[in-house]
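> I'd like to ask some things about the structure below.
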Amino acid sequence: MDIFNVIILILFAEVIFFPINKGYSLAAVIVILLLVPGILKFNIGVNLNVFNLSIFIFCALLFFYSRHQQVQFRGIFQIIKGYWGYVVVCAFLASFGEISIGEYLKNMLLFSVEYTMFAYAMCYISLDDKAIKIIDISLIVCAFIIIAYGLFNYFTFFNPYIAYISLLTDNFDMANVFQEESRGLIAGRISSTFIHPLQLGQASLLLFCYALHQFEHRSRLFIYWPLVVGLMLMCVFCGSRSALVPMLLAIAIYVVYCKRTSYIVLSVLVGIVLALFCYPMLSKETKDTVEGFVLFWNDKAAAKAEMHGSSLGGRTEQLTYAFQVIDNRLLMGYGEGHVRNYGETHSGMLGYESVVLEELVDGGILGTVFFFIFYIGLYKGLLRKCINKEEKGRAHTLCVPFLFSICLTGISYSFFTLYMIFYFLTLYNIINGREQRFYIESNSTYHS
């Protein structure tokens, strides 16, 4: 069956299941995001990749079925609406006279779909435990497909799925190029069901941060441990420090917030002893690889491990060049969408390997500041819903590593929406879990 027919079937399922259970519909969105490469597009007046199209459909269905519902989280809703309004107004002012109204509207549509539309919609939706279970099952299945296929890529040095998609869409097969690039002990950077290793790394990081808490008590150990370990391997085998270092940070946050003090002390002591005992026994190549990944700020360590990504000096040069690019537009930049449409004209920016670089060129100093206000506002909004240490640990585990990742490498694909999916799943899991505990305690008190 042609891949486009499969996509149409999934989108059809999204439409059919929405009025029955929004969890099924959201599960279809997740399948498209995690298993269908973004280079597949549908032209509906604007070229939307399949994931953005699925988000557009999801939000349109919400407007049709639930437009009279009340906002669930007013504070979070105001943060999203405020950021969207700021970008719409400032992008118009920054790009006025430079681009046509049609291009401006196209840029605003793509920005809305990729950053705020889904989050805006989720403020009107209630996800009960049944809906979340459906979504969780789709996440587990997709994660195991990504892991199994990623391991197949790593050991065979071959990615036939992405090769087929690239051929079908007349795109250059980037996955094949990176399969041949080794980094220290890693023999080839894999991309699994994605077109680029960075996409695999960032998707695996977000899946890992969610799975670490969500599936610890909700799934059997023979599912939980292979899932968590497999996602860790994907963060390693993608060959990106922007996935590996935040993953280690997520583990550290999880241990500090969700384990007893005695467990933390014991883990630290065991870790120190193992490091002191085992590290001197490692080969020089292994030591160089470990240092190259962990000491991401150390250019010499990266060079020894043959990691040819941007060095600290390279990033500094990119930042300097970004300020040169917006020399006469320091406050508001060129307007949202400039990097997407014209970013290649600024050759010194290379791949805009940080959200800071992209926001500077698109939105200037003000746009960069407002993006971080937006992100931290959402982060604080989630923390306000937490009342105990474990709940706060869930919020920190999701928000801090992803922020660290996008500062190192930028936002891959449309993964800010994937982040928002996990954000609201985390929010509803916290709320639903608390309600269930209250119900059980109330019943216990009543019967006693």
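The values are calculated or read from the model by the stated rules, or taken from the named source; none is laboratory data. A quick note: this is a predicted structure, and the numbers were derived from the prediction, not measured. As a convention, Cβ positions derive from the backbone with ideal geometry for all residues, glycine included, and neighbour counts pool all protein chains shown. SASA here: full protein model, heavy atoms, side chains in, ligands and nucleic acids out. Shrake-Rupley method; radii C 1.70, N 1.55, O 1.52, S 1.80 Å.
> On average, how much accessible surface per residue is there in segment 1-69, in Å², for a 1.4 Å probe, leaving out ligands, DNA and RNA?
45
> Can you list which of the trypsin sites (Lys or Arg not before Pro) found in segment 67-112 are DSSP loop residues with at most 15 other C-beta atoms within 10 Å?
Of the trypsin sites (Lys or Arg not before Pro), the ones in loops of segment 67-112 whose Cβ has at most 15 other Cβ atoms within 10 Å are Arg67.
> How large is the accessible surface of Met174 in square angstrom, using a 1.4 angstrom probe and rounding to the nearest 10?
Roughly 70 Å² of Met174 is accessible to a 1.4 Å probe.
> Leaving ligands, DNA and RNA out of it, rank Lys392, Lys380 by accessible area with a 1.4 Å probe, largest first.
Lys380, Lys392
> Whose amide H sits under 5 Å from the amide H of Ser192, counting only residues 5 or more places off or on another chain, with H placed in the peptide plane?
Hits under the 5 Å cutoff: none.
> Please state the charge dipole magnitude for segment 316-388, taken about the Cα centre, from unit charges on C-beta atoms (+1 on K and R, -1 on D and E), reported in debye and rounded to the nearest 20.
Charge dipole of segment 316-388: 520 debye, to the nearest 20.
> Which trypsin sites (Lys or Arg not before Pro) in segment 119-223 sit in a loop by DSSP (not H, G, I, E or B) and have at most 10 other Cβ atoms within 10 Å of their own Cβ?
The qualifying sites are Arg220.
> To continue, here is another question. Taking the Cα centre of segment 71-168 as origin, sum charge times position over the Cβ atoms of Lys and Arg (+1) and Asp and Glu (-1), and report the length of that vector in debye to the nearest 20.
Charge dipole of segment 71-168: 160 debye, to the nearest 20.
> So what are the ³J(HN,Hα) numbers for segment 356-368, from phi and the Karplus equation (6.51, -1.76, 1.60; θ = phi - 60°), rounded to whole Hz, Gly and Pro as x?
4, 5, 5, 5, 4, 6, 6, x, x, 5, 5, x, 5
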